[in-house]
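Undergrad: Quick one: this structure, given as structure tokens, is what I'll be asking you about.
Where a number appears in this text, it was derived from the coordinates with a stated rule and is not lab data. As the structure is a prediction and not an experimental result, all values here were calculated from the model. Virtual Cβ from ideal backbone geometry, glycine too; neighbours counted across all protein chains shown.
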Amino acid sequence: MVAIDVSWAPIPLRLLLAAIFLVHGYPKLFKDFKGTAGFLAGLGFKPGIFWAFVLGVTEFVGAFALLLGFASRVVAGLLIVSMSVATLLKIFKWKAPFTKQGETGWEFDALIVAALITLFLLGSGTWSIDQAVGWMPG
């Protein structure tokens, strides 16, 4: 019988989520900060500059934290809030379908939320700063 060590399970989640949030957080902070601020202000998140900064830092810095396995549960919790808001906006404000060829649906957002919840519950796993400093409960 093969024993599977589940402490490795969070690693692929951390790596992929880090990549996703790195490529989505970077432009919010460094390429189109004013556009992000205007977009968020238009949604009612005022002041837009403040919320663009909060969102950009959460995604960009959070990506590096996930990559390293540093405070992963805290970061996952913050990103769960962010992605839940994005998903709910797509569903209720923009009436986006769950999935539809050629259109943006909310299935990808829901998958990210599920992955973040899983990471929140599992913790960073092995090969993480959280494990190295003893922040991961057994």
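Undergrad: For residues in the stretch 66-107 being small (Gly, Ala, Ser) and not in a loop (DSSP other than H, G, I, E, B), which is nearest to Ser7 (Cα to Cα)?
TA: Out of the qualifying residues, it is Ser72.
Undergrad: While we're on this one: Of (1) hydrophobic (A, V, I, L, M, F, W, C); (2) closer than 25 Å to Leu15 by Cα; (3) over 14 Å from the mean Cα position of the chain (by Cα); (4) exposed (fewer than 13 other Cβ atoms within 10 Å of the Cβ), Leu111 satisfies all except one. Which?
TA: Checking Leu111 against (1) hydrophobic (A, V, I, L, M, F, W, C); (2) closer than 25 Å to Leu15 by Cα; (3) over 14 Å from the mean Cα position of the chain (by Cα); (4) exposed (fewer than 13 other Cβ atoms within 10 Å of the Cβ), the one that fails is (3).
Undergrad: On the basis of being surrounded by fewer than 16 Cβ atoms within 10 Å (Cβ to Cβ) and of a type outside the set (Asp, Glu), does Val54 make the cut?
TA: Answer is yes for this residue.
Undergrad: In addition: Quickly run through the stretch 1-53 and pick out the residues that are in contact with a helix residue (DSSP H, G or I) (Cβ under 9 Å, 6 or more places away or on another chain) and among the aromatic types (Phe, Trp, Tyr).
TA: Passing the criteria: Phe21, Tyr26, Phe30, Phe33, Phe39, Phe45, Phe50, Trp51, Phe53.
Undergrad: Could you tell me how many of the residues in the stretch 19-47 are surrounded by fewer than 20 Cβ atoms within 10 Å (Cβ to Cβ), free of Cβ contacts under 8 Å to residues at least 60 places away in the same chain and assigned to a helix (DSSP H, G or I)?
TA: The qualifying residues number 16.
Undergrad: Further question: Test Asp130 against the stated conditions and say whether it is within 11 Å of the chain's Cα centre (by Cα), surrounded by 15 or more Cβ atoms within 10 Å (Cβ to Cβ) and either part of a helix (DSSP H, G or I) or hydrophobic (A, V, I, L, M, F, W, C) (or both). It would help to see each step written out before you state the result.
TA: Details: within 11 Å of the chain's Cα centre (by Cα): no; surrounded by 15 or more Cβ atoms within 10 Å (Cβ to Cβ): yes; either part of a helix (DSSP H, G or I) or hydrophobic (A, V, I, L, M, F, W, C) (or both): yes.
Here the answer is no, as Asp130 does not meet what is asked.
Undergrad: Could you list all residues from the stretch 1-18 that are surrounded by fewer than 12 Cβ atoms within 10 Å (Cβ to Cβ) and farther than 20 Å from Met83 by Cβ?
TA: Within the stretch 1-18, Met1, Val2, Ala3, Ile4, Asp5, Val6, Trp8 meet the criteria.
Undergrad: Restricting to the stretch 81-108, give me the number of residues that are touching an Asp or Glu at 6+ places or on another chain (Cβ under 8 Å), among the hydroxyl-bearing types (Ser, Thr, Tyr) and either crowded, with 17+ Cβ neighbours inside 10 Å or within 17 Å of Gly62 (Cα to Cα) (or both). It would help to see each step written out before you state the result.
TA: Just the residues of the stretch 81-108 that are touching an Asp or Glu at 6+ places or on another chain (Cβ under 8 Å), to begin with: 82-83, 86-87, 90, 96-99.
Restricting the remaining residues to those that are among the hydroxyl-bearing types (Ser, Thr, Tyr) gives 82, 87, 99.
Filter once more, so that each one left must be either crowded, with 17+ Cβ neighbours inside 10 Å or within 17 Å of Gly62 (Cα to Cα) (or both): 82, 87.
Summing the residues that are touching an Asp or Glu at 6+ places or on another chain (Cβ under 8 Å), among the hydroxyl-bearing types (Ser, Thr, Tyr) and either crowded, with 17+ Cβ neighbours inside 10 Å or within 17 Å of Gly62 (Cα to Cα) (or both) in the stretch 81-108 gives 2.
Undergrad: Quick check: is even one residue across the stretch 63-74 loosely packed, with under 15 Cβ neighbours inside 10 Å, touching a residue at least 60 places away in the same chain (Cβ under 8 Å) and among the hydrophobic types (A, V, I, L, M, F, W, C)?
TA: no
Undergrad: When the stretch 118-138 is examined, which residues are found to be among the β-branched types (Val, Ile, Thr) and under 12 Å from Arg14 (Cα atoms)?
TA: Thr118, Thr126
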